[in-house]
Amino acid sequence: MSDRYDLAALKARLDGIRLEDNPALVRQKSRDFYWYSPVLKRQLDATVADIVAHATSQDEVIRILSACAELAIPVTPRGAGTGNYGQAMPLAGGVVLDLSGMNRVLDIGPGHVVAQAGAILAEIDAATRKAVGRELRLHPSTYRTASIGGFIAGGSGGVGSIMWGGLRDLGNILGLTVVTMEAAPRVLRLTGEEVGKVAHAYGTNGIITEVTMPLAPAYAWVEAIIGFEDFAAACAYANALGEQDALAKKLVSVVAAPVPQLYFLRHKPFLPDGKHVVLVMVDALAIDAFAAFTARHGGETLFRSDLVPAARQAGLPPLYELAWNHTTLRALRVDPAVTYLQTLYPFPHQLDLVARIHARLGAEVPAHLEFVRFDGKITCFGLPLVHFTTEQRLEEIIALHEEMDAVVFNPHRYTLEEGGMKQTDAVQLAFKREADPAGLLNPGKMIGWENPEFDLASGRVYLFQGLG
């Protein structure tokens, strides 16, 4: 245990709150899925907190933050630890604030749900489907393990973004309750434009304790895998499907061969060699229209969950666990040398840009696209796999993407500005000055705070690191 902070005084002030200082358990709670990136693995492997504090209520959060503020001990919040960019890793040590014990669904209405930050997404949906026949609009591919607070603080989009866009689109988060990092912490309620102050801020400027989210109809989703001999045809089909607003969809993903055949092991009987695939979740009531649309575009139905006998589906993961960043995870389980990028192919030239990049880098950087609604338009993000060799070559690949006008959200960086932000978010920085005046919340993740001279140049704030 480190002696850099007065942990004895902290323990005395937090009597009655569960604290953990066993080195092995503290190390475990000091980690997320940073190891997706060989760069972050090298940089962050030694990162560890000094102690873990387990909060089970907002009052306990307030007590923990008050004590840490008075003792100048940094605090890094953690939900389920499913992030990929070191968001939940305590660069300055101190306290990891484990919010997984705050996991209750507090209220369900006809179109909304209120939950504590540590509530698991799948468990929220189970409760809302039972109560009102509705579900969350968006979730990451880690749906069965991720917490709602972690998704909001560290993610940006995911399954459902084809219909609803990103988390920070107005209306996709109805309200947040946030506790400030002060000797006398304040409890703030953020709604409307204000939720952007802490959404996708990695917990650098306030601890989210409670969320209010809108609900969408809980359709009976049919899972489908559609095959194409030609990669461009698969992309054109996916883009056109995304534009079919009358077909309710939750997922439209394109994965270039041979990625599915190499890494989607349990679905392998449905994946002929050489086929590029489109993964789709579509409303069961629209299935005949979907089949007609697929036929128009020359797609071959390789798998459809309403047609394949239940016995053949036994043991198959849900289709969304082949998509978004689970594609990377499945590749890593087979080949630990694989890593990935996160990219945006801006509307309206997304298909041309995808084709040019695939032609130039497809063998080294196999394509994986997620079609989404972005600023009201259908376009695609990429989570292409990369056959990693060296960090220098990785930087060259990123530069090639940028030279060809793709936007890269670098998943091999742990700061907000170098990843999804593309610049410092002035609103979030101003809120940090208000809510965390001593800079004790998740230090090291916001360059604009650590380095006030950082360029706040004008430009698009994309905020799409954390792609499911």
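The values are calculated or read from the model by the stated rules, or taken from the named source; none is laboratory data. No experiment lies behind these values; they were computed from the predicted model shown. Positions of Cβ are backbone-derived with ideal geometry, glycine not excepted, and every protein chain shown enters the neighbour counts. Just so you know, the surface numbers come from the protein's heavy atoms only, side chains and all, with ligands and any DNA or RNA stripped out. Shrake-Rupley method; radii C 1.70, N 1.55, O 1.52, S 1.80 Å.
Tabulated values for the structure
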read-out: Cα gyration tensor category, rounded, prolate or oblate, for the stretch 227-374 with a/c compared to 1.5; value: oblate
read-out: The chain, accessible surface, carbon-and-sulfur percent (1.4 angstrom probe); value: 53
read-out: Probe 1.4 Å, protein heavy atoms only - accessible area per residue of the stretch 244-334 in square angstrom; value: 41
read-out: Amide N proximity, the stretch 126-152 versus Ala220 label position 7 Å along Cα-to-Cβ, cut-off under 20 Å; value: 126-136
read-out: Net charge dipole size for the stretch 20-157 [Lys, Arg +1 and Asp, Glu -1 on Cβ; Debye, nearest 20]; value: 500
read-out: The chain, dipole about Cα centre (Lys/Arg Cβ +1, Asp/Glu Cβ -1), debye to the nearest 20; value: 900
read-out: Of the DSSP H helices in the chain, those whose Cα atoms cover at least 15 Å axially and whose Kyte score averages -0.5 or more; value: 58-71, 121-132, 231-242, 324-334, 350-361
read-out: C-alpha center-to-center spacing [the stretch 234-266, the stretch 300-329] in angstrom; value: 12
read-out: Area of His387 that stays accessible when all protein chains are in place (1.4 Å probe, Å², to 10); value: 70
read-out: Relative contact order (%) - the chain, alpha-carbon pairs under 8 angstrom, separation at least six; value: 17
read-out: Where labels lie 7 Å past Cα in the beta-carbon direction, separation of Asp230 and Gln392 in nm; value: 4.0
read-out: Per-residue SASA entry for His326, accessible area with 1.4 Å probe, Å² rounded to 10; value: 20
read-out: Relative contact order, percent, the stretch 16-140 [alpha-carbon distance under 8 Å, six or more residues apart]; value: 24
read-out: Beta bridge orientation in the chain: antiparallel %, DSSP, nearest 5; value: 85
read-out: Contour minus Cα-Cα distance for Glu70 and Asp3 (0.36 nm per residue); value: 22.4 nm
read-out: Using a Förster distance of 45 Å, the FRET efficiency for Lys11-Glu402 (Cβ separation, nearest 0.05); value: 0.40
read-out: Helical contribution to [θ] at 222 nm, DSSP H n ≥ 4, -39,500 (n - 2.57), averaged over the chain, rounded to 500; value: -8500 deg cm²/dmol
read-out: Relative contact order [Cα under 8 Å, 6+ residues apart], the stretch 21-84, whole percent; value: 47
read-out: Ranking by accessible area, most exposed first, for Glu434, Glu370, Glu223, Glu193 with a 1.4 Å probe; value: Glu193, Glu434, Glu223, Glu370
